[in-house]
1. Do me a favour and compute the ellipsoid semi-axes for the chain from its Cα gyration tensor, root of five times each eigenvalue, largest one first, whole Å.
2. Would you pull out the residues with amide H under 5 Å of N68's amide H, same chain only if 5 or more places away, H placed 1.01 Å from N?
3. Taking amide hydrogens as modeled 1.01 Å from N in the peptide plane, which residues meet the under 5 Å criterion relative to G51, leaving out close sequence neighbours?
4. Sort 41-51, 7-17 for me by packing, meaning the mean count of neighbouring Cβ atoms within 10 Å per residue, highest on top.
5. If each DSSP helix of 4+ residues adds -39,500 (n - 2.57) and the sum is divided by the residues in the chain, what number results at 222 nm, nearest 500 deg cm²/dmol?
Amino acid sequence: MATEKVVTVRSKYCDFLERDVELREWRVYPSADFLQTQGLTYQVRRCACTGAIDCNMKGITCRWAFTNPSNDRS
Ligand code: SF4
């Protein structure tokens with residue numbers, strides 16, 4: 001059975017919010033038998049920043065806030 005984990009991939013100070021934020025991935029780890037056939041350790045379901053809601057509310061575009069996939073402010 002697959003399991004899901006939230007992993008912090010980076011911590012940084014973001015100039016747009018003027019505070020520390022974390023960039024997180026929601027990873028799905030497939031069962032061991034599936035791993036052997038696909039050669040994968042995990043798949044990323046989604047990525048988000050702990051400041052994503054604030055950036056959405058302020059109209060700040062960033063792929064980590066789901067507001068612009070081509071604008072990576074990480
Ligand atoms: S979503 Fe992007 S712009 Fe907003 S705090 Fe995170 S890294 Fe900074």
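Throughout, read-outs are computed from the coordinates displayed, never taken from laboratory work. All values reported here derive from a predicted model rather than from experimental measurement. Here Cβ is always computed from backbone atoms with ideal geometry, including for glycine, and neighbour counts include all displayed protein chains.
1. For the chain, the ellipsoid semi-axes come out as 30, 12, 9 Å.
2. Amide H to amide H, under 5 Å and 5 or more residues apart or across chains, N68 pairs with C62, R63.
3. E22
4. By packing density, highest mean first, the sequence is 41-51, 7-17.
5. Working: 2 runs with 14 residues, N = 74.
Counting only the DSSP helices, I get -4500 deg cm²/dmol.
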